[in-house]
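Heads up: the structure comes next, in structure tokens.
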Amino acid sequence: MDFLKPRLHRMNRRRRIYEGKAKVLYEGPEPGTLVQHFKDDATAFNAKKHEVIEGKGVLNNRISEYIFLRLNEIGVPTHFMRRINMREQLIREVEIIPLEVVVRNVAAGSLSTRLGIEEGTQLPRSIIEFYYKNDALNDPMVSEEHITAFGWASPQEIDDVMALAIRVNDFLTGLFLGVGIRLVDFKIECGRLWEGDNMRIVVADEISPDSCRLWDVKSNEKMDKDRFRKDLGGMIEAYTEVARRLGVIQEGESALAAAGPRLVK
Ligand code: TMP
Ligand code: ASP
């Protein structure tokens, strides 16, 4: 496999800043930038369940690019700069606030379990929840009291994060409804972007079917990572359909074809 060597060599030299369950962050080409690489790994229940789903990284890269571009267009600040290739995007380096910010419109998942509300019940209003990002602790739910007392974010930053979360929710609800998809809930992560002495909070990480619950409006069919969590199968087909409806990939195009030639082991 000599022909692969130069490429692998170059990739190995790139400094790896962080490796998560579904993504890797590399040093970017300029100071203050990073390369966000989408892997095919799917995990659930704090990585107790793990599989490699070929093509998922390509789909999430494209879907997340599309969503972040649309958010940037309406003035919701994000870390996204541009997509580099099928699996990677250039992002601004931010200081991640260690919170998973969940917005819910319809009862599902842990909310249904915790409060005994039937999955699919429309909530009286959108609900924002915070979880402390800590795998060792299984991302426990926390309140604003915990967040400010332990210094994870200031009261002003929490306000900014909540305002962003609500704007993202309003925008995405409409965007998905327009293509026949119900936005049940989603998770975002936010970061501090420093520009000289000024700091602002921006949306970071990714927004994709890995981090949202998306149900087909007509059939209620799940088009998100619950297909993996609940062993429903058809995960790539569902993600591909989300990408198709958003116009991110064309009719007949598949994620694998879009990924270009690949090495068959
Ligand atoms: P939950 O119902 O399991 O709390 O999830 C709420 C939303 O947050 C759902 O859209 C999936 C997303 N989520 C993540 O993106 N990462 C996670 O680690 C968890 C637990 C949920
Ligand atoms: N992403 C988390 C994990 O790897 C949990 C989830 O999404 O269900 O376990």
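Bear in mind that the values in this text are calculations on the coordinates, not laboratory data. Just so it is clear, the model here is predicted, and its values are computed rather than measured. Here Cβ is always computed from backbone atoms with ideal geometry, including for glycine, and neighbour counts include all displayed protein chains.
Per DSSP H run of n ≥ 4, the term is -39500 (n - 2.57); total these for the chain, divide by its residue number, and report the mean residue ellipticity at 222 nm rounded to 500 deg cm²/dmol.
Working: 8 runs with 82 residues, N = 265.
Helices in the chain give a 222 nm mean residue ellipticity of -9000 deg cm²/dmol.
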Inset, instruction - Find which of Gly120, Ile53, Met223 sits farthest along the positive direction of the dipole of the chain, computed with +1 on the beta-carbon of Lys and Arg, -1 on that of Asp and Glu, about the Cα centre. - result: Ile53
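Computed FRET efficiency, Cβ-Cβ of Asn72 and Lys21, R0 30 Å: what is it to the nearest 0.05?
Working: r = 26 Å, r/R0 = 0.86.
The computed FRET efficiency comes out at 0.70.
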Inset, instruction - May I ask you to sort Arg245, Arg15 by Cβ crowding, counting other Cβ atoms within 10 Å and putting the fewest first? - result: Arg15, Arg245
Legend entry - Under 12 Å, Cα to Cα: Lys pairs in the chain, sequence gap 8 or more or different chains: 10
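Give a quick list of trypsin sites (Lys or Arg not before Pro) in the range 167-231 that DSSP marks as loop, anything other than H, G, I, E or B, with at most 13 other Cβ atoms within 10 Å.
Numbers: sites: Arg167, Arg182, Lys187, Arg192, Arg200, Arg213, Lys218, Lys222, Lys225, Arg227, Arg229, Lys230; in loops: Lys218, Lys225, Lys230.
Counting only loop positions with at most 13 other Cβ atoms within 10 Å, the trypsin sites (Lys or Arg not before Pro) in the range 167-231 are Lys218, Lys230.
Taking neighbour Cβ counts within 10 Å as the exposure measure, how do Tyr18, Tyr239, Tyr66 sort from fewest upward?
Values: Tyr18 11, Tyr239 27, Tyr66 19.
Ranking Tyr18, Tyr239, Tyr66 by Cβ neighbours within 10 Å, fewest first, gives Tyr18, Tyr66, Tyr239.
Give me Rg over Rh for the range 70-210, both radii from the alpha carbons and Rh done the Kirkwood way, two decimal places. The partial results should precede the final answer.
Values: Rg = 15.7 Å, Rh = 16.2 Å.
That ratio equals 0.97.
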Inset, instruction - Pick out the long, greasy-scoring helices in the chain: whole DSSP H runs spanning 27 Å or more along their own axis by Cα, mean Kyte-Doolittle at least -0.5. - result: 155-177
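Expressed as a fraction of 2.2 N^0.38 Å, the rule-of-thumb size for a compact globular protein of N residues, what is the C-alpha radius of gyration of the chain? Please list the in-between numbers first.
Details: Rg = 18.5 Å, N = 265, 2.2 N^0.38 = 18.3 Å.
After normalising by residue count via 2.2 N^0.38 Å, the value is 1.01.
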Legend entry - Relative pair counts by distance (%), Cα atoms of the range 1-138, 5 Å bins: 2, 8, 12, 16, 20, 18, 11, 6, 3, 2, 1, 0, 0
Inset, instruction - In a Gaussian network model over the chain where Cα atoms closer than 10 Å are linked, find which of Leu232, Leu25, Leu175 has the largest mean-square fluctuation. - result: Leu232
Inset, instruction - Before anything else, pin down the relative contact order of the chain: Cα pairs under 8 Å, at least 6 apart, normalised by residue count, whole percent. - result: 17 percent
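Express in nm, to one decimal, how much length is gained between Ser254 and Arg125 on full extension, taking 0.36 nm for each residue of separation and deducting their alpha carbon distance.
On the way: separation 129, 0.36 × 129 = 46.44 nm, distance 3.71 nm.
Between Ser254 and Arg125, full extension yields an extra 42.7 nm.
When Rg is the radius of gyration of the Cα atoms in the range 75-152 and Rh is its Kirkwood radius, what does Rg/Rh come to? Could you put the intermediate results ahead of the total?
Numbers: Rg = 16.3 Å, Rh = 15.3 Å.
Rounded to two decimals, Rg over Rh is 1.06.
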